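The values are calculated or read from the model by the stated rules, or taken from the named source; none is laboratory data. Quick caveat, the model's predicted, so the values are computed rather than measured. Glycine gets a Cβ as well: all are built from the backbone with ideal geometry, and neighbour counts include every protein chain shown. Please note that ligands, DNA and RNA were not included when accessible areas were found on the heavy atoms of the full protein model with its side chains. Shrake-Rupley method; radii C 1.70, N 1.55, O 1.52, S 1.80 Å.
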Amino acid sequence: MKTLIVANEPSDVPKPHSHAPAVAALDYLIQPRFREATHVINLCRPLRYQGWGYYVSLLAEARGQQIDPSVKAIEDMHLAPRGVFSERLRRRRSESNKPCVAILYDPNCPEPPSNRAAIAKFREAAQELDMQAEIITESDADRLSEFDALFIRDDTNVNNYTYSLSRLAEKKGLIVMDDPDSILKCTNKVYLAELFGMHCISAPRTLLVHAGNIEQIIPFLGLPCILKKPDGAFSLGVVKVTTEEQLRTTAEQLLKHSVLIIAQEYLPTTFDWRIGIVDGKPLFACKYFMAPGHWQIIKRQQNIKLCEGQTSAIPLTRVPQHVMDCALKAASLIGNSFYGVDLKQIDQQCYVIEVNDNPNVDMGNEDGIMRDDLYRSVMQVFRRRIETSRHEPRP
């Protein structure tokens, strides 16, 4: 089986395409035998976000298959209705030849990936490396051509303006962290689950759940177990269910927004590892402890300020080698941008929970060991990439 045609139903495939087998989207997504295809033609309609067609293209990419259209192409189709930034045709300021980095930061974001003090540290690090760094917001999108690079320090999601801005910056030839491919891949847990399975990454037992197999969750995972919306972040959209009734109610609610969700085994630990990786190399390590009396790092209660567990920075030399190896392998499957890999360690076994694009860097937390060197290390990656890119033609 080389070429495969995937549609909502096989009967939807036009006769001229009958030279290749046609399969239903659900069958393609859940039946292992279709992973053997090398080329997938996605004829599902509509290609809405987190619909059948979206996941066909997404998982084809996770499987290393050639896919038409790609997820990036699907997202580009949707950018116009969501609003695409216009850009004035201005070039980077000519008074100085210093590398210039735009740091995208929203001071009103309730849970930003970097606090104000860390943003100031990034700017200081840039200056120490003879670079310019300027804080920009969404309203500065038309100024991208003034800069050599874009460093996103605001929430990322394919339905957020940050993805559109990342795409625009990449098209304009800027160095971008995080790049749009990383945002697409890291912000969807269905993609990560398929990717980890294809590459034998140790992870919690996982079941792709759709409306027709909810009854399989308990026999496969038992109770309690974890249900996750594909694009949840900061502990949102992640629910521990303890009863059959709660499981069905929660699953049905999550499936209203996505045709696939994730069910995983519950692995209780007192902390999660976070390994920060940039340019394929470890940058920092932390232990994120669970919130007091809670099973997650962040405890959210309605009308009550969220409660977070303690963050403890750990020297890289004290990270168990199998944890570090697992984190580096998982991140390498995404790219060479800036990632935070979350893992659980139980005795001598570790389990990758997810790879985050745009990982947290807060002054007083992740920089607890490296201090100012952490910020300089990130900015040094920008400087090196900018210097390389200046020898290449810019769009």
* Asked: Measuring from label point to label point, each 7 Å out along Cα→Cβ, what is the T269 to R248 span in nm?
  -> 3.4
* To do: Averaging over all projection directions, find the projected area of the Cα convex hull of region 208-258 and quote it in nm² with one decimal place.
  => 3.3
* All lysines inside 27 Å of K240 as judged from Cα atoms, apart from same-chain residues fewer than 8 positions distant -> K185, K189, K228, K229, K256, K287, K299, K305, K344
* Asked: Among H19, H257, H39, which one shows the biggest mean-square fluctuation in a GNM of the chain, springs joining Cα atoms closer than 10 Å?
  -> H19
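When the accessible area of region 247-297 is computed with all protein chains present and a 1.4 Å probe, what percentage of it is carbon and sulfur?
Answer for region 247-297 is 57 percent, counting heavy atoms of protein chains only.
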* Asked: Where does region 107-188 land on Rg/Rh, using Cα atoms and the Kirkwood Rh?
  -> 0.95
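Just round it to a whole percent: the fraction of Cα-Cα distances in the chain exceeding 40 Å.
Details: 13524 of 77815 pairs.
Result: 17 percent of Cα pairs exceed 40 Å.
Show me 170-177, 147-154, 49-56 ranked by packing, highest mean number of other Cβ atoms within 10 Å first.
Details: 170-177: 19.9, 147-154: 24.2, 49-56: 22.8.
Going by the mean number of other Cβ atoms within 10 Å, highest first, we get 147-154, 49-56, 170-177.
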* How are the Cα pair distances of region 256-395 distributed, in percent, across 5 Å bins from 0? -> 2, 9, 16, 19, 19, 14, 9, 6, 4, 2, 0, 0
* So what is the accessible area of the chain per residue, in Å², with the probe set to 1.4 Å? -> 45
* Using only the alpha carbons, work out the radius of gyration and Dmax of region 108-156 in angstrom. => 11.5, 32
* Structure fact -> Here, region 141-204 modelled as identical Cα point scatterers in vacuum has Debye log10 I(q)/I(0) at q = 0.18, 0.27, 0.28 Å⁻¹ of -0.66, -1.07, -1.12
* With +1 on each Lys and Arg Cβ and -1 on each Asp and Glu Cβ, and nothing else charged, work out how big the dipole of the chain is about its Cα centre, in Debye to the nearest 20. => 320
* the chain, relative contact order in percent, only Cα pairs under 8 angstrom and at least six apart counted -> 15
* Inter-probe distance in nm under a simple model that places probes 7 Å from Cα toward Cβ, at M198 and K172 -> 3.2
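Run lengths n ≥ 4 of DSSP H only: what is the helix-derived mean residue ellipticity at 222 nm for the chain, with -39500 (n - 2.57) per run over all residues, to the nearest 500?
On the way: 11 runs with 116 residues, N = 395.
Rounded to the nearest 500, the figure is -9000 deg cm²/dmol.
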* Asked: What spacing in nm lies between the two simple spin-label points modelled at K281 and A117, each 7 Å away from Cα in the Cβ direction?
  -> 2.7
* Among DSSP beta bridges lying fully in the chain, give the percent that are antiparallel, nearest 5. => 65
